[in-house]
Amino acid sequence: MAKAMILAAGQGTRVRPLTKDIPKPMVPILGKPVLEYIIEHLARYGVKEIMINVAFMHRKIEEYFGDGHRWGVEIGYSYEGAYEHGDILPKPIGSAGGMKHIQDNSGFFDETTLVLCGDAIIDLDIGAALHEHKTKGAIASVVTLDVPLSEVKNYGIVVADEDGKIISFQEKPSPEEAKSTLASTGIYIFEPAALDLVPSGKVYDIGSELFPSLVEKGLPFFAQNRFFNWIDIGRVTDYWTVLQRVLRGEVAQMDMPGKEVRPGVFVGLNTHIDWDKVHIEGPVYIGSSVKIEEGATIIGPTWIGHGCHIRKASTVVRSVLFEYTRIGAGMTFAEMIVSSHYCVDRTGHTVYAGDDRTILRWGDARA
């Protein structure tokens, strides 16, 4: 079985403010980091050795996952940084540069390796993808998904011949310019020989530099067009949409935690709710130690993290409340991502606590 590398060194600027205090792979879905779903999926297919390249807020990843034994895998970390003025500063070296850095250090990539981005949940049949890669004698493969022509502008597009051999790439083309509707999913399979083309000690990218080099040299480089769930949280607006889908039960292997106490209403331990005096419509998850006061209305799909406090006559509609968020009496939050420090609407517009005097009554439930 193959080894794996998960790319987790990016700064996650497009999902701010979710990444203000945590790295992007640690953004939670149903209370679990995105990266945990990826590791669980690799473990299901017998991928036991996993390297993760890290940079920004790397300790949050390393302290949560440790050596990987809880998931039945072995995890190693490759920190990308530089020593400057007495401090070690994060300095990512590109997706391919990160692989080369590991290879130069230990020769880790000594067999077929699966490379995945750390910010998307997938249910790819890894066994079938590896089989196709090996059957075609590929030095590298890109897993692609067919997307509607109207959406090609959001993706790196792969152009391949009838055998799947890659001819060229287009970065976010307009629908009029697109030569294909095959989107790269950021899931790659490499043979060790592919890394010989990556220069050492340089910032070097897989998509914009290594792949064009493979095409130019005419090497066996293929696209695999597969049908699977690929749940990307590239932007804040994607995160809200993904949570809505997950809470509605549309994504396999992502089940609501807690105990179902009413149809579609799941509750954690130690909650305080007078069910006769509140109105709650599922699907809703209410985390442990949450307090919901009388007269409150909650309409799903909604996630309420642990330690939240929803005061009298307040309303929460199709929203995500991170842990220890306090909603003031009589307030309404609809289609929002809310923490004790900020709230973001579904279009990505952000308001920070204290920015607007009308929302000063929301904040940290521990205060």
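Points to keep in mind about this one:
- Counting only DSSP H runs of at least 4 residues, each contributing -39500 (n - 2.57), and dividing by the residue count of the chain, the helix-based mean residue ellipticity at 222 nm comes to -4500 deg cm²/dmol.
- Rg and Dmax of the stretch 203-252, both derived from C-alpha coordinates alone, stand at 16.8, 47 Å.
- Ranking of PHE228, PHE65 by count of other Cβ atoms within 10 Å, fewest first: PHE228, PHE65
- Net charge of neighbours whose Cβ lies under 11 Å from the Cβ of TYR285, counting Lys and Arg as +1 and Asp and Glu as -1: -1
- Those lysines that a straight Cα-Cα span of less than 19 Å connects to LYS100, excepting residues fewer than 8 apart in one chain: LYS3, LYS91, LYS202
- Comparing LEU149, LEU116, LEU195 in a Gaussian network model of the chain, where Cα atoms under 10 Å apart are tied by springs, the biggest mean-square fluctuation is seen for LEU149.
- Alpha-carbon radius of gyration plus Dmax, which is the widest Cα pair, for the stretch 279-362 in Å: 11.5, 32
- Compared with the dominant principal axis of the Cα atoms in the chain, helix 236-247 is inclined by about 70°.
- Counting beta carbons within 10 Å around each of HIS69, HIS133 and listing the fewest first gives the order HIS69, HIS133.
- Using the Cβ of GLY307 as centre and a radius below 10 Å, the other residues enclosed give a net charge of +1, where K and R count +1 and D and E count -1.
- Counting all C-alpha pairs of the stretch 215-367, share separated by more than 21 Å (%): 46
- DSSP bridge orientation in the chain - percent antiparallel, rounded to nearest 5: 45
- Once exposed loop trypsin sites (Lys or Arg not before Pro) are cut out (DSSP; at most 11 other Cβ, 10 Å), longest piece of the chain: 1-216
- Helix 95-106 and the longest principal axis of the Cα set of the chain meet at an angle near 70°.
- The chain: angle of helix 126-135 to the longest principal axis, Cα-based, in degrees nearest 10: 10
- Counted over the stretch 224-367, the DSSP beta bridges are approximately 30% antiparallel.
- Per-residue Cβ neighbour counts within 10 Å put TYR285, TYR64 in the sequence TYR64, TYR285, beginning with the fewest.
- Our coupling estimate for the stretch 276-292, obtained by passing each phi through the Karplus curve with A = 6.51, B = -1.76, C = 1.60 and θ = phi - 60°, is 6, 10, 10, 10, 10, 10, x, x, 9, 10, 10, x, 5, 6, 7, 10, 10 Hz, Gly and Pro reported as x.
Each value in this text was obtained by applying a stated rule to the coordinates, not by laboratory testing. In this text, all values refer to a predicted model and were calculated from it rather than measured experimentally. Methodologically, a virtual Cβ is constructed for each residue, glycine included, from the backbone with ideal geometry; neighbour enumeration extends over all protein chains shown.
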